[in-house]
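All remarks here apply to the structure that follows.
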Amino acid sequence: MIDHRRLRVALLGAGAVGSQVADLMRRHADELGDRAGATLELAGIAVRDLDAPRDADLPRELLTTDAETLIVGSDIVIELMGGIEPARTHILTALNSGADVVTANKALLATHGPEIFDAADQVGASVYYEAAAAGAIPIIRPLRDSLAGDRVQRIMGIVNGTTNYILDRMDAEGAEMADVLADAQRLGYAEADPTADVEGYDAAQKAAILASLAFHTTVPLQAVHREGITGVTKAMMDAARHAGYVVKLLAVCERLTGRTGLSPHGEAISVRVYPALIPREHPLAGVHGVNNAVFVQAEAAGNLMFYGAGAGGVQTASAVLGDVVSAARRHIAGGAGVGESTRANLPVLDIGDVVTRYQITLEVDDRPGVLARVAGILSDGRVSIATLEQTVPDPAADTGSARLVIGTHRAVERDLSETVTRLAADDVVERVVSVLRVEGD
Ligand code: NDP
Ligand code: HSE
């Protein structure tokens with residue numbers, strides 16, 4: 001190895017990801033040093049419990065419970081504790097003491113990103129966070145660097161492995177959610193409290209991060225419309241399959257142009273997380289198990305798909321170490337930090353203003369005039385029917401009920417939801433079985 005500068009690296013956290021980062025840093029020290037142009041000296045690892053079992057064999061003398069002392073004097077601080085505090089304070093301390101920061105902390109960046117990026121700007125340091133969205137998949141750097149000369153129009157991501165595992169098994173096996181959720185917990189994909197995953201909070205954090213970067217706009221977490229998968233039933237999955245679709249939890253980040261009420265430039269964005277139908281031939285439909293994928297549509301580049309492991313200790317460590325190499329190079333080069341661009345500052349639309357297609361499934365009375373009545377309500381609500389399928393449970397038995405599956409043309413969400421309310425209240429409608437958005441066609 002050539003003679004390098006030494007950079008002091010502080011690691012905060014030695015859990016699933018941190019222990020793998022420490023292990024890889026130690027095992028691949030020479031290669032990493034050559035790529036970084038500096039000897040990366042792992043100065044210490046801050047943890048809560050010095051005696052907790054670790055996933056990797058780490059020298060006991062590197063462990064400390066005194067994160068503050070470790071941070072001060074470090075050139076690069078890798079934050080892999082998770083959560084808001086003390087991670088936020090440690091990152092601010094690191095930046096203010098001249099370090100560049102690497103973090104995988106999506107919860108922190110989605111809620112305190114602007115504060116952290118401003119602090120980095122003030123001191124000319126950089127914050128790297130490739131692992132904060134979609135784990136091992138390179139997506140932050142492509143959005144920030146590779147596509148810097150293009151205009152991203154839309155991102156559709158499967159960015160939560162736990163929910164993809166659950167929906168994929170429900171689709172493949174006709175399983176019920178409760179059964180596959182229990183398996184996901186047993187296999188260690190879902191936490192004992194799976195709320196952050198199944199209610200879409202984790203995906204919403206990642207959507208806020210991706211949209212901020214793609215559209216040069218600060219996207220607060222509260223501006224992300226979020227729905228989880230707990231309302232998805234086996235019957236919905238079966239119906240989706242029958243109609244040539246699959247249900248996926250999608251993070252959709254979209255640029256909208258040319259509509260009234262948008263920014264002075266006629267543009268706005270929408271950022272939303274919900275379970276949606278996608279055609280079975282769409283590339284995202286082939287994303288199975290705990291894998292993640294991010295489908296990016298850019299004005300000049302066209303369609304791009306980034307696919308792989310969205311979580312896992314060693315997989316995520318790969319993204320973290322890529323950032324450590326970038327941070328080391330920047331630290332040596334000096335000058336201004338990478339910086340986060342919010343120059344566009346586009347308004348984020350309310351979910352009511354979103355325009356997409358829908359599939360509405362109704363149980364209705366099976367008697368003359370019902371179809372006309374339902375069509376009339378849709379027409380009055382400015383919702384145009386694209387496809388319509390009627391089935392009766394048993395034509396010979398004449399149960400008096402029929403099932404209608406209505407595919408709509410693109411409609412405004414506010415119109416659609418008012419129309420569904422009117423349908424639900426109408427005498428001919430026995431039950432609104434489901435309303436799902438259709439994306440990707
Ligand atoms: P873990 O919970 O496995 O590990 C957290 C580590 O931080 C532990 O070593 C813990 O110490 C230490 N820690 C927590 N709080 C403190 C504190 N107050 N003082 C000192 N040490 C503390 O988390 P993960 O490794 O799973 O995740 C780390 C980050 O990476 C999170 O932001 C997460 O969202 C992100 N991430 C994780 C992925 C994954 O697959 N796990 C994928 C993508 C991102 P001790 O061990 O002593 O308790
Ligand atoms: N709980 C997350 C998932 C881990 O299931 O994808 C990675 O952020």
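The values are calculated or read from the model by the stated rules, or taken from the named source; none is laboratory data. Note that the structure is a prediction, hence the values are computed from the model and not measured. Cβ atoms come from the backbone with ideal geometry, glycine included; neighbour counts cover every protein chain shown. Only protein heavy atoms, including side chains, enter the accessible area calculation; ligands, DNA and RNA are left aside. Shrake-Rupley method; radii C 1.70, N 1.55, O 1.52, S 1.80 Å.
Points worth noting:
- Note on the chain: helix-only mean residue ellipticity at 222 nm, from DSSP H runs of 4+ residues weighted -39500 (n - 2.57) and normalised by residue number, equals -10000 deg cm²/dmol.
- Förster radius 30 Å - calculated FRET efficiency between Thr233 and Gln153 (Cβ-Cβ, nearest 0.05): 0.35
- Each part gets one Cα centre, and for region 386-441 versus region 185-215 those centres are 30 Å apart.
- Dipole magnitude (debye, nearest 20) for region 354-438, charges at Cβ of Lys, Arg, Asp, Glu: 440
- Largest first, the residues Thr230, Thr195, Thr408 sort by 1.4 Å accessible area into Thr230, Thr195, Thr408.
- Length gained on full extension, Asp55 to Ile385: 113.3 nm, using 0.36 nm per residue less the C-alpha separation.
- Straight-line reach from Lys206: taking Cα to Cα under 24 Å and skipping same-chain neighbours fewer than 8 places apart, the lysines in range are Lys106, Lys248.
- Cα-based helix-to-principal-axis angle, 313-333 vs the chain, degrees rounded to 10: 50
- Contour minus Cα-Cα distance for Glu85 and His242 (0.36 nm per residue): 51.8 nm
- Spatially, region 219-285 and region 4-66 are offset by 39 Å when compared through their Cα centroids.
- Gain on full extension, evaluated as 0.36 nm per residue between Ala178 and Arg6 minus their Cα-Cα distance, stands at 56.7 nm.
- In the context of the full protein assembly, Arg329 retains an accessible surface of approximately 120 Å², using a probe radius of 1.4 Å and ignoring ligands and nucleic acids.
- Helix 106-123 and the long axis of the chain differ in direction by around 40°, with both axes built from C-alpha atoms.
- Farthest toward the positive end of the dipole of region 136-285, out of Tyr189, Ala285, Leu213, is the Cα of Leu213, where the dipole comes from beta carbon charges about the Cα centre.
- Computed magnitude of the charge dipole of region 140-309 (debye, nearest 20; Cβ of K, R +1, Cβ of D, E -1): 540
- Glu68/Arg26 FRET efficiency (R0 22 Å; Cβ-Cβ; nearest 0.05): 0.40
- Of the accessible area of the chain, computed with a 1.4 Å probe over protein heavy atoms only, carbon and sulfur atoms account for 50 percent.
- Taking GluC sites (Glu not before Pro) as exposed when their DSSP state is a loop state and no more than 15 other Cβ atoms lie within 10 Å, the longest site-free interval of the chain runs over 1-175.
- Angle between the chain longest axis and helix 370-380 axis [Cα atoms, degrees, rounded to 10]: 50
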